[in-house]
Amino acid sequence: MPEYDVIVVGAGSAGLNTAINCAKAGLSVAALEEHNKIGFPRHCSGLYSTRFLSLMEVKEDFYEHEVFGAKFHPPSGKIIELMRKEKVAFVINRELLDDFLGKRAKECGVNIISNSKVSDFTADPNGATITTDKKTLTTKFICGADGSNSFIARSLGFKPPHRLHGIMAITKDEGHSNYVDLYFDNKLYPGFFAWRIPRGKTTEYGIAGETGPANVNNFNNFLAKFDVKKYELSSGVIPFGFQKSYSDRVLLVGDAAAQVKPLTGGGVIYGMICARIAARVFSDAISKNRFDEKFMAKYQKLWRSAIGKGIARGLLIRKIYSRMSNRSIDAWFSLLNNRVTKNIFENHGDMEFILERRPHATVLNQPSL
Ligand SMILES: Cc1cc2nc3c(=O)[nH]c(=O)nc-3n(C[C@H](O)[C@H](O)[C@H](O)COP(=O)(O)OP(=O)(O)OC[C@H]3O[C@@H](n4cnc5c(N)ncnc54)[C@H](O)[C@@H]3O)c2cc1C
């Protein structure tokens, strides 16, 4: 008899949410984390839409700041401001959020095993094992939630079609504005954008672009523009595009499955949506005694029906944007700068789900699969 129903590899937001939902469904769950402390090292800005709160319980202690809109800086320098009367997003301390999720998972009965790097696994119709630097565990299912450089995904031969390198610097300068600044310029920040996020007691400067030294150079030039010299640096890979996320006894969740918005690089909300779906599929598979890839494939169908449209539209816009000249970017932004667009944003703007209409509603409200 296997020791666990599900072993989750990686105790980040996607893995912990999967573990919590599996435990709530009555499954026995362990979550293995290579680091000693959950949530560290920092690798996320923690900018989430207010709708985030409706997806999970988040304590107010995690809020560093709140945001009502954005200032867009196109290459021409003609700033476009889109603001709402109510909050559109919170700047959250991601480390505290993950730590909280870890505590919630423990309360739900998840066995969290820190300091355990997974270095091998087997998964076939006969059973599954996970090997860490300390021991080998047996399980019915494996959830690969081990982030953008997922060992589980790589071992299965799955990889995201696209990858960006995100770098962020947090300074001790207080940031109290009620908007984020977004900088677009295909010469200075090719293919993506740079940002400045007010974090209350601190300010964050960030950039994402193709992996490699050119992106680091662009980031340093961006910091120099604001005369930023002292900062705390962190960075990470942002995967995106459609990727296979299932195999015999295995599901991938979060960055490991490239469940990320191609337009903004945000992956936390998508990861949470897919975590709930994965937990339902694990639970359903156990009740039906099915461990085969054919059964697990329903996970991909379900998450694609929840967030696939948003990803597809984001991919298309990114493709068009990355080929645009700065002159076209200016022309495009000047089209946005009118009363109609501002009215739409002021009355209906939703930072997270800007590309889709209530993507999660159909799937998440379904009582069973
Ligand atoms: C600079 C930057 C800024 C970002 N800002 C935002 C933002 O504002 N909003 C947003 O929504 N998204 C943002 N993202 C994306 C977001 O950080 C990711 O989508 C999110 O962290 C993915 O969560 P996850 O749980 O899938 O992976 P992770 O949070 O990466 O968790 C994976 C966990 O697995 C562990 N692990 C890895 N390998 C192993 C192993 N072999 N054995 C055991 N454990 C292992 C890791 O230690 C880690 O704890 C940003 C990304 C970057 C790079």
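Under the combined filter of DSSP loop state and at most 15 neighbouring Cβ atoms within 10 Å, the stretch 3-72 retains these trypsin sites (Lys or Arg not before Pro): Lys37, Lys59. Note that the stretch 284-298 has calculated 3J(HN,Hα) couplings of 5, 5, 5, 5, 9, 6, 10, 10, 7, 4, 4, 6, 5, 4, 5 Hz, one per residue in order, obtained from phi through the Karplus relation 6.51 cos²θ - 1.76 cosθ + 1.60 (θ = phi - 60°); glycine and proline are x. With a Förster radius of 30 Å applied to the C-beta separation of Lys87 and Asn217, the computed FRET efficiency comes to 0.25. May I ask you to derive the FRET efficiency for Lys134 and Val237 from their Cβ-Cβ distance with R0 = 25 Å, giving the value to the nearest 0.05? Efficiency at R0 = 25 Å is approximately 0.40. When the P(r) is computed for the chain, the part past 38 Å accounts for 17% of the Cα-Cα pairs. With the simple spin-label model, which puts each label point 7 Å out from Cα in the Cβ direction, the Ser155 to Asn36 separation comes to 2.6 nm. Taking amide H positions as modeled 1.01 Å from N, with prolines and chain starts lacking one, the residues under 5 Å from Ile238 and 5 or more places away or on another chain are Leu164, His165, Gly166. Among the trypsin sites (Lys or Arg not before Pro) found in the stretch 108-201, those both in a DSSP coil and sparsely packed, with 16 or fewer other Cβ atoms within 10 Å of their Cβ, are Lys117, Lys134, Lys135, Lys172, Lys187, Lys201. For the stretch 314-323, putting each phi into the Karplus relation 6.51 cos²θ - 1.76 cosθ + 1.60 with θ = phi - 60° gives couplings of x, 4, 5, 5, 4, 4, 5, 4, 5, 9 Hz, in residue order, rounded to whole numbers and with x for Gly and Pro. Each of Ala312 and Lys59 was given a label point 7 Å from its Cα along the Cα-to-Cβ line. The distance between the two points is 4.1 nm.
Each listed q (0.20, 0.24 Å⁻¹) maps to a log10 I(q)/I(0) for the stretch 111-190, found by the Debye formula over equal Cα scatterers with no solvent: -0.99, -1.28. Subtracting the Cα-Cα distance of Ala297 and Ser325 from 0.36 nm times their residue separation leaves 6.0 nm of extension gain.
Shown is the FRET efficiency for Lys78 and Asp227, computed with R0 = 22 Å from the Cβ-Cβ distance and rounded to the nearest 0.05: 0.45.
Our estimate of slack between Asp120 and Lys187, defined as 0.36 nm per intervening residue step minus the Cα-Cα distance, is 19.9 nm. Here's the picture: a label point sits 7 Å out from the Cα of Asn347 along the beta-carbon direction, and within the stretch 71-106 the residues with their amide nitrogen under 14 Å of it are 85. Were the residues from Met1 through Lys201 laid out at 0.36 nm apart, the gain over their Cα-Cα distance would be 66.8 nm. Per-residue Karplus couplings for the stretch 132-137, computed as 6.51 cos²θ - 1.76 cosθ + 1.60 with θ equal to phi - 60°, are listed in order as 10, 5, 10, 7, 10, 10 Hz, Gly and Pro entered as x.
We did not get these values from a lab; they are worked out from the coordinates using the rules stated. What you see is a predicted model, and the numbers here were worked out from it, not measured in a lab. Cβ: placed from backbone, ideal geometry, glycine included. Neighbour counts: every protein chain shown.
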